[in-house]
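The values are calculated or read from the model by the stated rules, or taken from the named source; none is laboratory data. Given the structure is predicted, the values throughout are model-derived calculations rather than measurements. For neighbour counting, all protein chains shown are included, and Cβ atoms are generated from backbone atoms with ideal geometry for every residue, glycine included. In case anyone asks, the SASA skips ligands and DNA or RNA and just uses the protein heavy atoms, side chains included. Shrake-Rupley method; radii C 1.70, N 1.55, O 1.52, S 1.80 Å.
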Amino acid sequence: MSLQMVSTVSNSSLLQPGFSLLNFDGHVCFFGQKGWPKRSCPTGVFLLDIKQNELKMKPAFFSKDSCYLPPLRYPAVCALRSHARADEYQYIIHGGKTPNNDLSDKIYFMSLVSKTSKKMTFQCIEKDLGGDVPEARYGHTINVVHSKGKSISVLFGGRSYTPLAQRTTEKWNSVVDCLPSVYLIDFEFGCCTSYILPELQDGLSFHVSVARDDTIYILGGHSLQNNTRSPNLYKLKIDLPLGSPAVTCTILPGGVSVSSAIVTQISDTEFVLVGGYHSDNQKRLVCNTIVLEDNKIEIVESVSPEWTPDIKHCRMWFGCDMGKGSVLLGIPGANKQLIPDANYFYILRCKGAEEDKEEESITQICSQTSSEDPGDSTPFEDSEEFCFSAEANSFDVDDADTYNEDDEEDESETGYWITCCASCNIDINTWVPFYSTELNKPAMILCSSGAGHWVHAQCMDLSETMLLRLSEANVKYFCNEHVDLNKGLQTPQKVVCLKKQPMKPLRKKKTMKLSTSTKKSFLRRLFE
């Protein structure tokens with residue numbers, strides 16, 4: 001094995017844990033970027049160009065009849081080969097997380113429709129299913145098996161959000177293991193059937209699955225319910241007679257307790273198991289060779305590469321199978337780097353130079369890793385990595401066509417996950433709803449200082465009652481940092497003096513003066 005460091009050019013922040021690599025005719029296709037696509041690459045799909053230990057990214061295009069494909073992280077990905085021509089195939093993509101942390105339950109088919117030296121065009125089609133449709137999830141696997149001249153896809157494992165009826169405000173975005181059901185999906189007829197097997201008691205996610213002919217081997221994986229990494233090795237055998245399919249499961253000895261591992265194929269019957277975690281606080285630096293022969297599996301420890309000190313001492317690692325015995329590995333960059341979210345990348349080649357020939361096999365591999373970002377977990381926790389396929393072949397592209405994310409405006413300045421103030425503690429990976437009105441985004445309010453800027457209501461210590469009043473009232477709001485400044489600069493309002501109306505003086509009562517004769521006449525009449 002050989003380990004070689006590669007440098008990225010102006011786009012390493014897109015390569016984050018949870019991405020996938022697809023191999024179309026020897027070209028590496030990157031899928032599952034961090035954040036929503038930008039104008040320079042609206043598809044969110046890139047072609048990787050590796051030359052002279054430099055990794056560059058070129059935007060890919062979709063045909064006009066393609067559906068929209070969101071940037072999904074940690075989906076289940078598998079190659080489906082054509083019966084007519086072995087060199088024609090398409091990829092199945094199911095589930096995964098969107099940049100808003102929403103889970104997808106959709107299934108997409110992605111295929112290559114045209115390619116030139118400067119442009120590659122793909123077609124993406126969404127498939128509709130009926131029957132026992134799998135719920136939205138991530139960290140699961142999907143494989144294709146072949147039996148008696150027929151093919152069918154098999155989906156297993158993963159995690160999902162807590163059902164709506166069981167959610168609370170404090171644990172709104174909590175995840176749980178999906179039920180350990182095995183789903184058989186027939187894309188020809190668009191139907192899906194689930195099977196419950198007594199051997200599969202606990203849900204698993206971020207496991208490794210290797211499929212050959214009519215058999216799938218499931219290795220490792222993490223169970224949230226028990227907080228364990230299963231040492232069991234499961235053998236799923238799928239029989240496809242003329243009637244209903246038959247699914248059986250056998251527990252075999254010789255498994256490996258690991259999660260978040262990567263599998264790469266080095267020959268028709270040999271695979272190499274790389275990376276992953278022994279436990280929440282311990283990476284797995286040991287490599288294993290998996291041999292599939294005569295309907296049997298053998299797992300033996302192999303010689304590990306000379307890991308660099310950075311890899312040995314890093315908190316987490318992530319990556320993906322590049323095909324033909326190569327693996328792309330990433331580790332977090334140093335905090336002193338000028339570019340935020342930048343990572344260091346290595347290419348691990350598990351085969352010698354003399355063995356690096358193009359090999360085609362109907363064997364399919366699919367590996368998954370943990371779902372949680374580093375901020376969600378304790379050190380060395382599963383790091384939401386690895387799907388599979390692709391190869392590090394270079395292709396001729398002009399540097400002028402290479403994607404440069406510096407040409408784009410930073411979406412972090414205008415999104416919900418900005419750093420709104422010096423004391424902001426809102427993080428996309430650890431945030432949970434605080435107000436009853438929140439669902440999958442934090443509540444924000446506009447500060448009217450200057451040109452105006454958005455701040456998180458939770459960071460401003462606003463009560464829910466006050467937030468509702470401010471949202472309903474037509475008044476200006478100033479954040480904690482600008483409220484004092486606004487008071488100092490505000491022109492005092494002119495006090496309008498009320499004019500007092502003068503009171504009218506009281507009129508004196510007029511008295512009548514009577515003559516003496518009149519008085520005598522009055523008295524005379526009074527006593528008569």
>> I want to check the label-to-label distance for Ser244 and Lys519. Put each point 7 Å from Cα in the C-beta direction and report it in nm to one decimal.
In response: 13.1 nm
> How far is it, in nm, from the label point at Met5 to the one at Gln52 when both lie 7 Å from their Cα along the line to the Cβ?
Replying inline: 1.8 nm
> Does region 2-353 come out rounded, prolate or oblate by the C-alpha gyration tensor, with a ≥ b ≥ c the root eigenvalues, rounded set by a/c under 1.5 and, if not, prolate when a/b is larger than b/c and oblate if not?
Replying inline: rounded
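Subtracting the Cα-Cα distance from 0.36 nm times the residue separation, let me have the gained length for Trp36 to Ser63 in nm, one decimal.
Numbers: separation 27, 0.36 × 27 = 9.72 nm, distance 1.97 nm.
Result for the pair: 7.7 nm of gain on full extension.
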> How many nm is it between the label spots at Asn101 and Glu293, if each spot is 7 Å from the Cα in line with the beta carbon?
Replying inline: 4.9 nm
>> Taking the solvent-accessible surface of protein heavy atoms with a 1.4 Å probe, what is the per residue accessible area of region 2-353 in Å²?
In response: 41 Å²
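For Asp132 and Leu252, what does the FRET efficiency come to when R0 = 22 Å and r is the distance between their Cβ atoms, rounded to the nearest 0.05? Can you show the working numbers first?
Working: r = 27 Å, r/R0 = 1.23.
After rounding, the FRET efficiency stands at 0.25.
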> So how much accessible area does Ile262 have, in Å² to the nearest 10, using a 1.4 Å probe?
Replying inline: 0 Å²
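Tell me, in nm to one decimal, what length is gained between Lys150 and Val432 on full extension, where the rule is 0.36 nm per residue of separation less the Cα-Cα distance?
Numbers: separation 282, 0.36 × 282 = 101.52 nm, distance 4.55 nm.
Length gained between Lys150 and Val432: 97.0 nm.
Rounded to the nearest 0.05, what FRET efficiency is calculated for Asp268 and Glu188 with R0 set to 35 Å and r the Cβ-Cβ distance? Don't skip to the answer; put the middle values down first.
Values: r = 27 Å, r/R0 = 0.77.
That pair, Asp268 with Glu188, gives E of 0.80.
Which of the three applies to region 428-476, rounded, prolate or oblate, going by the alpha-carbon gyration tensor with a ≥ b ≥ c and a/c under 1.5 meaning rounded? Intermediate results must be reported in sequence, preceding the final value.
Working: a/c = 2.40, a/b = 1.39, b/c = 1.72.
In terms of gyration-tensor shape, oblate.
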>> Can you give me the % of accessible surface on region 1-107 that is carbon or sulfur? Probe 1.4 Å, all protein chains present, nothing else counted.
In response: 48 percent
> Name the chymotrypsin sites (Phe, Trp or Tyr not before Pro) in region 1-105 that are in a loop by DSSP and that have at most 16 other C-beta atoms within 10 Å, would you?
Replying inline: Tyr68
>> Distance cut-off 26 Å, Cα to Cα: go down the list Lys441/Lys476; Lys97/Lys441; Lys58/Lys283; Lys283/Lys441; Lys312/Lys351 and report the pairs above it.
In response: Lys58/Lys283; Lys283/Lys441
> If you take the beta carbon distance between His278 and Ser471 as r and set R0 to 60 Å, what does 1/(1 + (r/R0)^6) give as a FRET efficiency, to the nearest 0.05?
Replying inline: 0.75
>> What does the extension gain come out to for Lys118 and Val176, with contour length at 0.36 nm per residue minus their alpha carbon separation?
In response: 16.5 nm
> From the square roots a ≥ b ≥ c of the eigenvalues of the alpha-carbon gyration tensor of region 159-285, which class results: rounded (a/c under 1.5), prolate (a/b over b/c), or oblate?
Replying inline: oblate
